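A.B. asks: To start, I am sharing the structure in question, which I have written as structure tokens.
The values are calculated or read from the model by the stated rules, or taken from the named source; none is laboratory data. Computed from a prediction, not measured in an experiment: that's the story for all the values here. With ideal geometry, Cβ positions are generated from the backbone for all residues, glycine too; neighbour counts draw on all protein chains shown. The accessibility values were calculated without ligands, DNA or RNA, using every heavy atom of the protein model including side chains. Shrake-Rupley method; radii C 1.70, N 1.55, O 1.52, S 1.80 Å.
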Amino acid sequence: MTTRRRPAEWLEIDQYLEAFEMAQQKTAEIDLREFLPGRDHPHYSVILKELIRVDLEYCSKTCLPRTLDDYCRLFPELLRDREAVQEVAFEDYRQRRSRGENPSLAEFEQRYGVDTSRWLRSIALPRFSARLPRI
């Protein structure tokens, strides 16, 4: 379940994301730790989660894609936030699929304890109806 935030909170969180995305446009070699607030910041965990999700997408488009494991090594506290792990794991899975990989849902479930039951539906391409109208 995603925590609801007030618009003012999202505006503050978004400032960190915008700064990171602007820097990403200038160079792909960027350390997202430079864009995080201090660990005592009230929105630290949300900002961390969102920066990781953005970074996963940017890195997926380069020759040096990252995985959830990479971020867990950098930010072990991430594993204590089950909602964040669920969302970042899904983004990792989605990016790996977009690169043509075929990661195992069971591996994500076992390794990170996430629920993957809706993942395939979430990334499935729109399907056309088998019944086409007659002309």
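A.B. asks: If you project the alpha carbons of the range 5-79 onto the principal axes, what extent comes out on each, in Å, largest first?
C.D. replies: 37, 27, 18
A.B. asks: Another question, if that's okay. Helix-derived [θ] at 222 nm for the chain: sum -39500 (n - 2.57) over DSSP H runs of at least 4, divide by residue count, nearest 500?
C.D. replies: Mean residue ellipticity, 222 nm, calculated: -17000 deg cm²/dmol.
A.B. asks: Enumerate the calculated ³J(HN,Hα) couplings along the range 70-75 in order (Karplus 6.51 cos²θ - 1.76 cosθ + 1.60, θ = phi - 60°), each rounded to whole Hz, writing x wherever the residue is Gly or Pro.
C.D. replies: Calculated HN-Hα couplings, in order: 4, 6, 5, 5, 6, 10 Hz.
A.B. asks: Here is a follow-up. How large is the charge dipole for the range 1-117, taken about the Cα centre, if only the Cβ atoms of Lys, Arg (+1) and Asp, Glu (-1) carry charge, to the nearest 20 debye?
C.D. replies: That gives a dipole near 180 debye.
A.B. asks: Here is a follow-up. Using each residue's phi in the range 8-14, evaluate 6.51 cos²θ - 1.76 cosθ + 1.60 at θ = phi - 60° and report the 3J(HN,Hα) Karplus result to the nearest Hz, with x for Gly and Pro.
C.D. replies: 5, 5, 5, 5, 5, 4, 4
A.B. asks: If you fit an axis through the alpha-carbon atoms of helix 44-60 and take the longest principal axis of the Cα set of the chain, what angle between them do you get, 0 to 90°, nearest 10?
C.D. replies: On a 0 to 90 degree scale, this one is about 50.
A.B. asks: Can you work out the accessible area per residue across the chain, with the rest of the protein chains kept in place, probe 1.4 Å, in square angstrom?
C.D. replies: On a per-residue basis, 69 Å².
A.B. asks: Hey, what's the per residue convex hull volume over the C-alpha atoms of the chain, in cubic angstrom?
C.D. replies: Each residue corresponds to 178 Å³ of Cα convex hull volume.
A.B. asks: Mind pulling the angle between the C-alpha long axis of helix 82-98 and the longest principal axis of the chain? Nearest 10 degrees, somewhere in 0 to 90.
C.D. replies: 50 degrees
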